[in-house]
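Input: a single structure, listed below in structure tokens.
Computed from the coordinates by the stated procedures, all read-outs in this text should not be read as laboratory data. All values reported here derive from a predicted model rather than from experimental measurement. Using ideal geometry, Cβ is built from the backbone for each residue, glycine included, and neighbour counts are taken over all protein chains shown.
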Amino acid sequence: MTADWGEIYRRTYRDLVRFLYHKVWDAERAADLAQEAFARALGSAPDNPRAWLFHVAANLARDEARTVIRRKKHLALLKDEADHERRAAPPPSEEMEHGEKVEKVRQALQRLGERDREVLLLWDAGLSYPEIAAQTGLAQGAIGTTLARARRRLVEAHTLLEGTHAARG
């Protein structure tokens with residue numbers, strides 16, 4: 001049976017935009033993502049079109065959050081580089097040590113589960129608990145506990161990496 005996408009659009013569009021708004025906190029972007037979800041739907045024949053649209057929309061919002069985080073990190077890195085260039089260059093040994101520390105943190109982050117990494121990165125990017133909850137789909141009341149556990153796991157992973165590197169050194 002073919003879905004009547006016109007009727008589904010009329011019944012679902014406003015709810016989908018509202019849902020996406022609470023994920024991305026930008027009305028225009030929420031409308032764009034809703035349109036994208038419907039555009040992807042046109043070539044599909046899901047059993048439950050409304051549920052399928054919300055699932056696609058949630059994935060689009062998650063991808064959007066990752067893009068925003070990457071942009072923020074990139075801008076922060078560019079700012080750090082500019083600040084770094086303005087200061088006197090540190091001795092090569094300090095630069096190498098800093099690079100090793102950054103690499104160990106990156107490796108420790110990679111050892112975390114997707115949810116822990118996402119919550120930590122969203123928090124590090126400056127998002128509030130309600131914003132993190134909206135982006136991840138977690139309950140707002142669970143964000144503090146999730147962050148605490150993710151931090152503990154990050155420290156454990158980093159400590160394990162420190163021990164591994166110290167044993168090699």
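Any chance you could run the full-extension gain for residue 36 through residue 152? It's 0.36 nm times the residue separation minus the Cα-Cα distance, nm to one decimal. Don't skip to the answer; put the middle values down first.
Values: separation 116, 0.36 × 116 = 41.76 nm, distance 3.78 nm.
Contour length minus the Cα-Cα distance gives 38.0 nm.
Quote to one decimal, in nm, the extra length available between residue 18 and residue 2 on full extension: 0.36 nm per residue of separation minus the C-alpha distance between them.
Values: separation 16, 0.36 × 16 = 5.76 nm, distance 2.62 nm.
Extra length available between residue 18 and residue 2 comes to 3.1 nm.
Here the range 144-158 is scanned for amide nitrogen atoms under 13 Å from the site 7 Å beyond the Cα of residue 111 along Cα-to-Cβ, giving 152-158.
FRET efficiency for the pair residue 93 and residue 128, taken as 1/(1 + (r/R0)^6) with r the Cβ-Cβ distance and R0 = 41 Å, rounds to 0.55. Straight-line cross-link partners of residue 101 among the aspartates and glutamates, defined as a Cα under 14 Å from its Cα and at least 8 positions apart when in the same chain: 162.
Restricting to Cα pairs below 8 Å that are 6+ residues apart, what does the relative contact order work out to for the range 90-169? Please round to a whole percent.
Numbers: 49 pairs, mean separation 28.5, N = 80.
Rounded, it is 36 percent for the range 90-169.
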